1. Describe numerically, in nm with one decimal, the distance between label points set 7 Å from Cα along Cα→Cβ at Ile31 and at Tyr197.
2. How far apart, in nanometres, would the label points at Asp175 and His53 be if each is projected 7 angstrom from Cα along the Cα-to-Cβ direction?
3. So which of Lys190/Lys255; Lys224/Lys247; Lys255/Lys282; Lys72/Lys247; Lys72/Lys282; Lys137/Lys173 end up more than 22 Å apart, counting from Cα to Cα?
4. What list of ³J(HN,Hα) couplings, whole Hz, do you get for segment 390-401 from phi and the Karplus terms 6.51, -1.76, 1.60, once you set θ to phi - 60° and write x for glycine and proline?
5. If r is the Cβ-Cβ distance from Asn110 to Ala234 and R0 is 22 Å, what FRET efficiency results, to the nearest 0.05?
6. Taking a probe of 1.4 angstrom, what is the accessible area of Ile27 in Å², to the nearest 10?
7. Can you give the FRET efficiency for Leu333 and Thr405, using 1/(1 + (r/R0)^6), R0 = 56 Å, r = Cβ-Cβ distance, to the nearest 0.05?
8. On average, how much accessible surface per residue is there in segment 136-291, in Å², for a 1.4 Å probe, leaving out ligands, DNA and RNA?
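The values are calculated or read from the model by the stated rules, or taken from the named source; none is laboratory data. These numbers come from a predicted model, not from an experiment. Cβ sites come from the backbone with ideal geometry, for glycine too, and all protein chains shown count toward neighbours. Ligands, DNA and RNA are excluded from the accessible area calculation, which covers all protein heavy atoms including side chains. Shrake-Rupley method; radii C 1.70, N 1.55, O 1.52, S 1.80 Å.
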Amino acid sequence: MSNKKSKIVSSNRKAITLSIAILAGLILGAIFGAVMPVWLEPVTGLISTMYLHALTMMIYPLVFCSLIVGIKGIGSVSATGKVGGQALLYYVGTTLLASLIGLVLPKALNIGSGVAIEMKNADVDAVGFTNLLDTVKNLIPANPFQSFVEGNMLQVLVFAIIIGIACLALGEKADPFLALCESVNEIAVKIVSAVMYVTPIGVFCSLAGTVHANGLATILSLAKVMIILYVTYALYIFIVYGVLIVKGLGHFSMKTFFVTILPAALNAFGTASSSATLPISKQCTDEMGVPNEISSLSLPLGATINMDAVSILMSFMIVFFANATGTDIPYSLLAVVLISNTLLSIGAPGVPNSAIATFAALSAIAGLPAGIMGMYVSVNVLADAGATCCNVIGDLACSVAMKRTCVFSNAEDAAGEGMEEILEEA
């Protein structure tokens, strides 16, 4: 017991040290970006790009192999479905709650009243997303290799689940392939561990380039609504993720949770990409003792469909711009925006600028002037960074809670074995 406790203490110390270094990188990056000379922009851009590539190159091998090994470790088809179903229930439920909070709170605070907005066109390079029906229709990849190349996380997940279930059915015949997946998974984790040491430099250059490109004045032009938005993020993280999910459902120490997940949260803020943070998130869940059978599915699924903070962000901005432009949005239309927000989040990729495409769709549903896109784009970087950080914490909270709530019974294992026999006969 003492050895286990000492390992936890040592792990927490490493997490705190790394988190302080990353936080320093973020602060110094923002300050340096405001005064950075133009000739240094290619340098910070190069380092930032190399850092993100170092992380993202291992995302799909890590997700694919970790999920297959996890499914094999679960041991049955029914138990695998239980993990995925429970994670899906967590994410859809919290996204609905977040959307509701985002619509009610800004409406109650009447944010945006008295604000004068200068309309301007925006040349937006937004990341596209598919609607819910297209997402469901394209779940099974016609070409799995294309899914890896295009970075379609949902298709990669489905392909990995299919392969994992087939491995369960094959039994010992699949052992050589599973051994390969375990080796690739260990290699990916080792590389990610090495990349973690340069994360402070990576987020420094990422944020410096962002601030330099947009300017502090532009990013802070909507300071009041940004402050309210970030306070909402913080309260949502503490109450919903910390108190209700981690402490309430997971019976896990909130202090240990928030200390351990700091590296992933800060990296998510600096890169504004939940997908790029996946390897670090996986390392955090390992340190908190979350079984690979759970985290290998819950984390990549969360990076794809858990968009709680994006729901809050979209709802805030819709209400803000409606008040600022004098557009009347009745509660019946707000309900439509709420449902649309939840559905659209399932198709939103976990990469920077995905929120722009979501906002464009929702603002059209709400009947807002097209010219507000220029103003929204000017604050998207800062707003999306906080949203990504919140979403990643939500993924981690769900994984920790499922460590306790997702218990596999003997009956489920027996049912799973029966399904595997059916698959073998087929």
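1. The two pseudo-label positions are separated by 2.6 nm.
2. In this crude spin-label approximation the distance works out to 4.1 nm.
3. Lys190/Lys255; Lys224/Lys247; Lys72/Lys247; Lys137/Lys173
4. Computed from phi, the couplings for segment 390-401 are 4, 4, 5, 4, x, 4, 5, 5, 4, 4, 5, 5 Hz.
5. According to the calculation, E is roughly 0.55.
6. About 90 Å², ignoring ligands and nucleic acids.
7. Computed FRET efficiency for Leu333 and Thr405: 0.95.
8. Roughly 45 Å² per residue, with all protein chains present.
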